[in-house]
Amino acid sequence: MNRFFRTFPTLLRVGFSGALAYRAEMLVWVLATTMPLIMLAFWTAVAHDAPIGRFGEKELVVYFLVTFIVRQLTGAWVAWEINFEVKQGTIGSKLLRPMHPALGWAADNLAAMPMRVVVSLPVAIIMLATTGGVGLPKTPLLWLAGMLALFGGWAITFLVNLVIGTLSFYMESSVKVMDAWTVLVFVFSGYLIPIELFPKTLRAITEMLPFRYSIGLPVEIFVGAHTPSELPWLLARQLMWVLAFLGLFLVLWRGGLRRYAAYGG
Amino acid sequence: MIRYLRLFRIQLRASVLLAMQYRGDFVLDGVLEVLFVAPSIVPLVVVFDQRSSIFGWTFPEALVVVGFFHFLNALVEGAINPSLLAVVEHVRKGTLDFVLLKPADAQFLVSTARFQMWKATNVLSALLIWAFAFHRMGHWPRPLDVLVAVTMLGLSVTILYSLWIITVSTAFYVVRIDNLTYLFDSIFDAARWPSSVFRGVLRIVFTFVIPLGVMTTFPAEALLGRLSLQALGGAAVGAFLAALLARVVFQRALGRYTSAGG
């Protein structure tokens, strides 16, 4: 544990420098996150004549701009990295270090966040300027819950990336599995459709699935969709998914390492 | 002309043979492509659960647009993006020399360099979506409308291709544009809804600058028998100008090419 506290800050610094070096590339990635904006146009057009559910045009603008920001801040891409490293054999050098490679990836991922916050700021400012921030939480408790949910959302996304990345020990390439996961996240996480608007049964099913807890939950808390009394239960469910994916990752990783053999030289 | 048709067949055959080596991937990818239809259908299902028409489109009519989106998407991801990545790679490594040395038009060669066959399942999804949409409407499109729609689709493809050539041309000026394809894709994502969704500045941009509306909404309107003759004429002129511009831009960019390494 002591060693962890000595190495992790260094890893974060390294990751931050990396993020700084590839800032142009990251900007393109951010610009490519157009889906919330496309959905924003779609839903505000729908709500132009009459509100849909409890969402008027302003509420929809807040919802999808918050979604954009949450997506930026919960982003993870480790699955592609693991696939690449397993195929190239460069993962070998990471395995030799006296530390779990997942910690290195987590540091890399978290260290990119400051840059992403900077990029998200203009979006937040535009949102506040155009809507006056309708429905944003008024109490510090809700903000705290939102931040917790945001971190939980990142943890789920990151751990799923690890799980799917680890699958590349078992199959030739697991990138396609990640694509499939992404599509499911798009549909069932509130990313394209606020899940409040789902028909009743579909909504009940969605609340049982993990996807909503990766993006939808923080967004919902930030747009004031939940009362404080509902929060502990929702956050507990999110934590349950975090732990489930963590467990799955550890099991798969142990089995995968046993199968892993490097090639070439 | 005949020579280029033959050349096209040879290039296509090479891509098919390449794809057949990766059979497992081929099947898996094909199946996954079907899943990718969900993000464009589910929002419509949710909306039309509560409304009977939005911005002048009923559910089946909006589905026709979605169908054209997936059809063109098959083209973008199956033919355009792979070749685009190949050109960028050529410019970066300096291997474009080998393409330029061949006794055929360079633009033709790079445009047909690589096809990803499994994206063809997107065309299948499009056909299914259309079939479902017209089944819901209770009538089939008239033959004349189909003819106009096919013509319009040809114009869309021309415009799309021209935009792509212009994008690729930037690779000669700034060498690193790998993730431009993601940008290309994510902007094209906006073409899945009828263009009347977009208002104000966005509408102008998506009609004249990046004519997404022309690409999917116009063919859909043609198939539904409500595309005006002026719109068709305008699209034809636009497509011609775009193709011309693309040709000029590519030739000038090629003039800047200075190989690399050695």
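The values are calculated or read from the model by the stated rules, or taken from the named source; none is laboratory data. Fair warning: this is a prediction, and the values are worked out from it, not measured in the lab. Note that each Cβ is placed from the backbone with ideal geometry, even for glycine, and that neighbours are counted across all protein chains shown.
The table below gives the values:
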| quantity | calculated |
| --- | --- |
| Helices (runs of 4 or more DSSP H) wholly inside segment A:151-258 containing at least 2 residues that are among the β-branched types (Val, Ile, Thr) and within 30 Å of B:Phe26 (Cβ to Cβ) | A:175-188 |
| Flag if A:Gly153 is crowded, with 24+ Cβ neighbours inside 10 Å, farther than 22 Å from A:Asn83 by Cβ, within 20 Å of the chain's Cα centre (by Cα) and not aliphatic (A, V, I, L, M) | yes |
| Residues that are under 22 Å from the mean Cα position of the chain (by Cα), surrounded by 15 or more Cβ atoms within 10 Å (Cβ to Cβ) and more than 22 Å from B:Ser156 (Cβ to Cβ), drawn from segment B:88-112 | B:Val88, B:Ala106, B:Leu109 |
| Flag for B:Leu5 being among the hydrophobic types (A, V, I, L, M, F, W, C), free of Cβ contacts under 8 Å to residues at least 60 places away in the same chain and within 14 Å of chain A (Cβ to nearest Cβ) | no |
| Given (1) of a type outside the set (Lys, Arg); (2) more than 14 Å from chain B (Cβ to nearest Cβ); (3) in a loop (DSSP other than H, G, I, E, B), index of the condition A:His48 fails | (2) |
| Residue list for segment B:139-171, restricted to those being of a type in the set (D, E, K, R) and either in a helix (DSSP H, G or I) or closer than 15 Å to B:Phe188 by Cβ (or both) | B:Asp145 |
| Matching residues in segment B:159-218 - criterion: being modelled with pLDDT of 80 or more and acidic (Asp, Glu) | B:Asp189 |
| Scan of segment B:49-86 for residues that are modelled with pLDDT of 85 or more and under 14 Å from A:Val46 (Cβ atoms), ordered by number | B:Trp57, B:Thr58, B:Phe59, B:Ala62 |
| Inter-residue pairs, beta-carbon under 6 Å, first within 7 Å of another protein chain (Cβ to nearest Cβ) and touching a residue at least 24 places away in the same chain (Cβ under 8 Å) and in segment B:36-60, second hydroxyl-bearing (Ser, Thr, Tyr) and not in a loop (DSSP other than H, G, I, E, B), 6+ apart | B:Phe55/B:Ser196 |
| Qualifying positions in segment A:32-47 - farther than 19 Å from A:Glu196 by Cβ and of a type outside the set (A, V, I, L, M, F, W, C) | A:Thr33, A:Thr34 |
| Hits in segment A:87-104 (condition: more than 26 Å from the chain's Cα centre (by Cα) and among the small types (Gly, Ala, Ser)) | A:Gly89, A:Gly92, A:Ser93 |
| Any hit, segment A:64-81, residues being among the β-branched types (Val, Ile, Thr), more than 19 Å from A:Met26 (Cα to Cα) and within 14 Å of another protein chain (Cβ to nearest Cβ) | no |
| Extreme residue, nearest to A:Leu27 (Cα to Cα), among residues of segment A:99-118 that are assigned to a loop (DSSP other than H, G, I, E, B) and in contact (Cβ under 8 Å) with a residue 60 or more places away in the chain | A:Ala112 |
| Any hit, segment B:202-211, residues being within 14 Å of another protein chain (Cβ to nearest Cβ) and either touching a Leu at 6+ places or on another chain (Cβ under 6 Å) or crowded, with 21+ Cβ neighbours inside 10 Å (or both) | yes |
| The lone exception for B:Gln116 - which of (1) among the polar types (S, T, N, Q); (2) modelled with pLDDT under 80; (3) surrounded by fewer than 18 Cβ atoms within 10 Å (Cβ to Cβ) it fails | (3) |
| Residues of segment A:132-150 satisfying the condition of being assigned to a helix (DSSP H, G or I) and either surrounded by 18 or more Cβ atoms within 10 Å (Cβ to Cβ) or in contact with a Gly (Cβ under 9 Å, 6 or more places away or on another chain) (or both) | A:Leu142, A:Ala145, A:Gly146, A:Ala149, A:Leu150 |
| Single residue of segment A:19-39 satisfying the filter (away from chain B (no Cβ under 12 Å) and in contact (Cβ under 8 Å) with a residue 24 or more places away in the chain) that is surrounded by the most Cβ atoms within 10 Å (Cβ to Cβ) | A:Ala19 |
| Test: residue in segment B:42-53 that is surrounded by fewer than 16 Cβ atoms within 10 Å (Cβ to Cβ), closer than 28 Å to B:Gly213 by Cα and among the β-branched types (Val, Ile, Thr) | yes |
| Set A:Val61, A:Val70, A:Val118: member being more than 22 Å from A:Phe186 (Cα to Cα) and among the aliphatic types (A, V, I, L, M) | A:Val118 |
| Odd one out for A:Phe42, checked against (1) touching a Pro at 6+ places or on another chain (Cβ under 7 Å); (2) more than 13 Å from every other protein chain (Cβ to nearest Cβ) | (2) |
| Filter result for A:Val14 (away from chain B (no Cβ under 11 Å) and either in contact with a helix residue (DSSP H, G or I) (Cβ under 7 Å, 6 or more places away or on another chain) or not in a loop (DSSP other than H, G, I, E, B) (or both)) | yes |
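For every residue, the table says whether it meets (1) aromatic (Phe, Trp, Tyr); (2) within 11 Å of chain B (Cβ to nearest Cβ).
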residue	(1), (2)
A:Leu128	no, no
A:Thr139	no, no
A:Thr157	no, no
A:Phe169	yes, no
A:Thr182	no, yes
A:Phe186	yes, yes
A:Pro199	no, yes
A:Tyr213	yes, no
